[in-house]
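Report on the structure given below.
The values are calculated or read from the model by the stated rules, or taken from the named source; none is laboratory data. Keep in mind that this is a model prediction, so the values were computed, not measured. Backbone-built Cβ (ideal geometry, glycine too); neighbour counts: all protein chains shown.
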Amino acid sequence: MSDKILELKNITMEFPGVKALDNVSFDLRKGEVHALVGENGAGKSTLIKILTGVNRQTSGDFYYEGKLVENVSPAKSMKMGIYAIYQEFNLLPSMTVAENIFFGQEIEQHHCLQIREMKRKCREITDQIGVDLDPGAKISSLSVAHQQIVEIARTLYRDIKVLIMDEPTAPLTESEINILFNIIKKLRERGVSIIYISHRMDEIYELADRATVLRDGQYIQTSEVCTISKAKLIRLMVGRELGNQYPEKRCEMGDVLLKVDDLTNEWVHGASFELRKGEILGIAGMVGSGRTEMVRALYGADPIEKGEITLRGKRVKNRSPQEAIRNGIGLLPEDRRSQGLFLQQSIKSNVSFCNLDAVSGRVVVNRKQETELCRSLSKKLAVKMSSIQQKAVFLSGGNQQKVVLAKWLATYCDILIFDEPTRGIDVGAKKEIYELMRQLTDEGKSIIMISSEMPELIGMSDRILVIRESEIVGEITEIKQMTQENILKLAIR
């Protein structure tokens with residue numbers, strides 16, 4: 001075990017009625033990046049919680065630096081040098097970078113905080129990972145990428161040996177991802193061992209030395225990344241052949257359903273485009289280019305200063321989301337957990353929320369109609385759940401997205417706006433979402449899709465609009481011209 005910093009042997013984790021992990025083994029070498037992969041619900045989060053002391057395994061052994069460790073707690077895990085950075089950062093927004101890095105371990109002299117010394121050490125730490133960061137800046141003023149850097153810097157001050165990163169690139173732009181990758185490589189050079197969780201195959205093949213696959217709470221295989229193909233790794237993750245990831249278009253597009261002329265506000269400058277019945281219109285552009293702002297204006301979430309929206313041949317205003325919904329437009333937001341769902345409410349309540357009129361009598365909700373509607377849509381979308389009373393918070397990412405989609409199907413919307421439709425969703429669930437999107441266009445619905453994943457954008461779109469600096473700067477209509485190179489030429493000045 002000389003080259004291993006930690007090892008889990010035959011770990012089983014049982015909750016009431018559920019075996020989350022079943023005899024799983026995992027080891028991490030010193031100074032390696034080890035990808036932990038699997039579909040949502042595979043057991044990755046449970047394994048991480050055992051490593052960080054949040055949960056204690058039902059059975060099995062935990063070895064650290066060759067020694068058996070028992071009764072691991074969060075404090076004990078951190079004392080060993082094991083830290084995790086989750087998608088939701090654990091930072092104090094009103095405090096500075098330096099204050100966050102030293103929080104709980106402040107530098108004091110005669111009971112007085114040594115602010116100057118903390119800032120000096122803060123610069124030393126950020127210099128180690130090659131990032132220039134103002135120690136006096138408030139966390140609330142930083143980009144998501146820089147907040148993530150603060151999380152990493154905080155672990156370095158605490159003598160980190162093992163860093164766990166859970167979907168670290170999900171909220172980042174391409175340039176920010178490159179910064180993060182450079183930091184990861186510097187950490188590896190320093191001997192830090194990294195457990196890297198991601199659904200993005202390209203990242204795994206760029207960063208990881210080895211990959212361990214979990215499926216349905218069971219250990220499947222550990223492989224050197226350089227020896228296994230992406231296709232085989234995906235097959236191990238899902239337990240089946242996926243075939244073509246993107247479904248073929250089966251129906252021809254119809255007439256123009258939506259026409260936008262000179263849509264303008266503070267964040268969008270003169271956007272004009274058309275959307276046809278049965279079409280998937282892709283929206284490309286760098287994060288911050290104005291993609292989301294354009295569809296928010298169309299949806300009525302942001303005010304429109306000038307411009308016209310013509311829907312089914314008639315002018316509409318869409319001065320609010322309620323008006324857009326009445327006009328048959330629904331938005332599946334980028335952050336489905338905070339903006340698309342009531343996580344502590346049942347699946348049934350989430351599905352019926354936007355169209356209570358359809359399941360209500362004169363005064364109260366007709367529970368029988370509500371149940372029938374929810375069951376019908378859940379069956380159509382193949383939502384994996386214990387019952388329609390299950391809380392949305394306990395669903396996987398893919399099934400949460402299906403519930404958001406079911407909510408809009410309950411309103412009988414003709415136009416659905418998907419903002420990052422598969423962010424944080426595993427590869428098997430992605431294919432299901434793609435099939436559902438094509439099924440909807442086959443039924444005559446139209447889709448506007450924003451995506452930062454080039455293969456997804458190219459594989460699913462019938463046409464692609466490219467936005468740069470709040471303006472539509474190009475349109476790609478020919479399938480052969482839909483290449484990453486052509487898109488980036490337009491998206492980057």
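Would you point out the residue of segment 312-327, among those that are free of Cβ contacts under 8 Å to residues at least 40 places away in the same chain and in a loop (DSSP other than H, G, I, E, B), that is surrounded by the fewest Cβ atoms within 10 Å (Cβ to Cβ)?
Selected residue: Gly313.
If you go through segment 288-311 and keep only what is free of Cβ contacts under 8 Å to residues at least 60 places away in the same chain and on the phi > 0 side of the Ramachandran plot, you end up with Gly300, Gly307. When Gly38, Gly53, Gly43 are checked against the criterion of being more than 20 Å from Gln221 (Cα to Cα), among the small types (Gly, Ala, Ser) and either touching a Pro at 6+ places or on another chain (Cβ under 9 Å) or at pLDDT below 95 (or both), a single residue qualifies: Gly53. Of all residues in segment 138-182, those being in a helix (DSSP H, G or I) and among the acidic types (Asp, Glu) number 3. Candidates in segment 412-452 are the residues that are within 20 Å of Arg337 (Cα to Cα) and acidic (Asp, Glu); of these, the one that is surrounded by the fewest Cβ atoms within 10 Å (Cβ to Cβ) is Glu432. How many of the residues making up segment 288-301 are assigned to a loop (DSSP other than H, G, I, E, B) and buried (at least 17 other Cβ atoms within 10 Å of the Cβ)? Number of matching residues: 4. Checked across segment 274-287, the condition of being at positive phi, modelled with pLDDT of 90 or more and not aromatic (Phe, Trp, Tyr) holds for at least one residue. The set of residues from segment 211-224 being crowded, with 18+ Cβ neighbours inside 10 Å and under 23 Å from the mean Cα position of the chain (by Cα) comprises Ala211, Thr212, Val213, Leu214, Arg215, Gly217.
For the subset of segment 183-202 comprising residues that are part of a helix (DSSP H, G or I) and β-branched (Val, Ile, Thr), which member is surrounded by the fewest Cβ atoms within 10 Å (Cβ to Cβ)? The selected residue is Ile183. Answer yes or no as to whether Tyr83 is in contact with a Ser or Thr (Cβ under 9 Å, 6 or more places away or on another chain), of a type in the set (Ser, Thr, Tyr), surrounded by 15 or more Cβ atoms within 10 Å (Cβ to Cβ) and in the same structural domain as Lys121 (by TED's automatic domain parsing). So Tyr83 passes the test.
Determine whether segment 90-102 contains at least one residue that is surrounded by fewer than 18 Cβ atoms within 10 Å (Cβ to Cβ), over 27 Å from Arg336 (Cα atoms) and polar (S, T, N, Q).
Narrowing segment 90-102 to residues surrounded by fewer than 18 Cβ atoms within 10 Å (Cβ to Cβ): 90, 92-95.
After this cut, where a residue has to be over 27 Å from Arg336 (Cα atoms) as well, the list is 95.
Cutting the leftovers down to polar (S, T, N, Q) gives us none.
The answer is no; no qualifying residue exists.
Restricting attention to segment 97-115, the residues that are assigned to a loop (DSSP other than H, G, I, E, B) and out of contact with any Leu (no Cβ under 6 Å at 6 or more places or on another chain) total 8. When each of Ala145, Ala153 is tested for being surrounded by 18 or more Cβ atoms within 10 Å (Cβ to Cβ), modelled with pLDDT of 80 or more and closer than 15 Å to Ile183 by Cα, the lone residue that passes is Ala153. Considering segment 46-80, and only residues there that are in a helix (DSSP H, G or I) and without any contact (Cβ under 8 Å) to a residue 12 or more places away in the chain, the residue that is surrounded by the fewest Cβ atoms within 10 Å (Cβ to Cβ) turns out to be Lys79.
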